[in-house]
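Enquirer: Structure provided below as structure tokens; questions to follow.
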Amino acid sequence: MAEAAILFLRVCVQLLALPIYLLSFLGIWKPFGSKVFFPFFMERFSEYYNQKISVQKWELFHNLQEFTGSSEALRLLEIGTGTGTNFQFYPPGCRITCSDTNSNFQRGLSKSMNQNQHLQFEHFLEAPAENLNQVADGSMDVVVCTLVLCSVQNVEDVLKEVKRVLRPGGAFYFLEHVAADHSSWSYFWQQVLYPTWKLVFSGCCLMREPWKEIEKAKFSEVKLRHISVPLWCAPLKAHVIGYAVK
């Protein structure tokens, strides 16, 4: 019965989004979405999101400086930097390397950089998270990844790259929206929205369970917990947050 309801509602959502499906069929939506719609949406959504989760972000990043290596400043790589909404939570003097597959976030990113003069911005890399070959082995004290693992091609490959670029004793910080409890209404709506959501929001998958890959990635220590973020959109409320030490 539930499966039939999911299929019915999924078709209803797809009919409502029919113009986007037609644009996708014509090859128009993907370039428009990545260059115009998604950067515009994320710049505005990120402000709202930070308001809802700022306490958790401060708690997550409060011990970043403990992972400073032999250099005087913390060397940090942020994967999927987007518009730079995490910058305000990083410690003064932190040396930031930014990476993203989409260079169209530059307007919002430049604004965030100007607002966070306490940081040292070193490089921007346009590269997929699964292939960060421009970053040397063991060159980073910390890697940060927030709201990114939902849209990468392969979570396991991303974690391999994270471990490669981290120095021994370095840490991987993560904050991701994930699949809700399978018995919940949130998970029901995640299943309903999944195909259309993935199309509209540049490959974002609502039902991923990245904590499983993180726990299997053979970090020396993993500290994670599941939380619910009070967002207006129920399918996005379930999150996993924490860090893992190489």
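Enquirer: Output wanted: per-residue J couplings in Hz (rounded whole) for the stretch 72-89, from phi through Karplus 6.51 cos²θ - 1.76 cosθ + 1.60, θ = phi - 60°, x for Gly and Pro.
Expert: Coupling constants for the stretch 72-89: 6, 10, 5, 9, 10, 10, 9, 8, x, 4, x, 8, x, 6, 8, 4, 5, 9 Hz.
Enquirer: What does the extension gain come out to for Glu156 and Lys111, with contour length at 0.36 nm per residue minus their alpha carbon separation?
Expert: Numbers: separation 45, 0.36 × 45 = 16.20 nm, distance 3.23 nm.
Net length gain for the segment: 13.0 nm.
Enquirer: Tell me the label-point distance for the pair Tyr48, Ala2, using the 7 Å Cα-to-Cβ offset, in nm and rounded to one decimal.
Expert: Taking the simple label geometry, Tyr48 and Ala2 are separated by 2.8 nm.
Enquirer: Describe numerically, in nm with one decimal, the distance between label points set 7 Å from Cα along Cα→Cβ at Gln14 and at Asn131.
Expert: So the two model labels end up 3.1 nm from each other.
Enquirer: Return a whole-number percent for the relative contact order of the chain, with Cα pairs under 8 Å and 6 or more residues apart as the contact set. Please report the intermediate quantities before stating the final value.
Expert: On the way: 416 pairs, mean separation 46.1, N = 246.
Relative contact order here is 19 percent.
Enquirer: Moving on. Any idea what the relative contact order of the stretch 125-185 is, in percent, if you count C-alpha pairs under 8 Å spaced at least 6 apart?
Expert: Values: 70 pairs, mean separation 26.5, N = 61.
Contact order relative to length: 43 percent.
Enquirer: Give me, ordered by chain and number, the residues 5 or more places off Gly138 or on other chains with an amide H under 5 Å from its own placed amide H.
Expert: Val165, Leu166
Enquirer: How about the stretch 200-246: which chymotrypsin sites (Phe, Trp or Tyr not before Pro) there are in a DSSP loop, with at most 10 other Cβ atoms within 10 Å of their Cβ?
Expert: Working: sites: Phe201, Trp211, Phe219, Trp232, Tyr243; in loops: Phe201, Phe219, Trp232.
Within the stretch 200-246, the qualifying chymotrypsin sites (Phe, Trp or Tyr not before Pro) (loop, at most 10 other Cβ atoms within 10 Å) are Trp232.
Enquirer: Could you report the chain's accessible area per residue, 1.4 Å probe, as an integer in Å²?
Expert: Values: 12330 Å² over 246 residues.
Ligands and nucleic acids excluded, the result is 50 Å² per residue.
Enquirer: Return the sequence-ordered ³J(HN,Hα) values of the stretch 166-176 in whole Hz as given by the Karplus equation 6.51 cos²θ - 1.76 cosθ + 1.60 applied to θ = phi - 60°, using x for Gly and Pro.
Expert: Residue by residue, the stretch 166-176 yields 6, 6, x, x, x, 10, 10, 9, 9, 8, 9 Hz.
Enquirer: Let me ask something else. With the full set of protein chains in place, find how many percent of the accessible area of the stretch 43-123 is carbon and sulfur; take the probe as 1.4 Å. The partial results should precede the final answer.
Expert: Working: 1730 of 3890 Å².
On the stretch 43-123, the fraction of accessible area on carbon and sulfur atoms equals 44 percent.
Enquirer: Return the subset of Lys160/Lys216; Lys160/Lys212; Lys52/Lys160 for which the Cα-Cα distance in this structure is over 19 Å, preserving the input order.
Expert: Working: Lys160/Lys216 11 Å; Lys160/Lys212 14 Å; Lys52/Lys160 31 Å.
Those over the limit are Lys52/Lys160.
The values are calculated or read from the model by the stated rules, or taken from the named source; none is laboratory data. If you're wondering where the values come from, they're calculated on a predicted model, not measured in any experiment. Glycine gets a Cβ as well: all are built from the backbone with ideal geometry, and neighbour counts include every protein chain shown. Note: accessible area is taken over every heavy atom of the protein model, side chains too, but ligands, DNA and RNA are not part of it. Shrake-Rupley method; radii C 1.70, N 1.55, O 1.52, S 1.80 Å.
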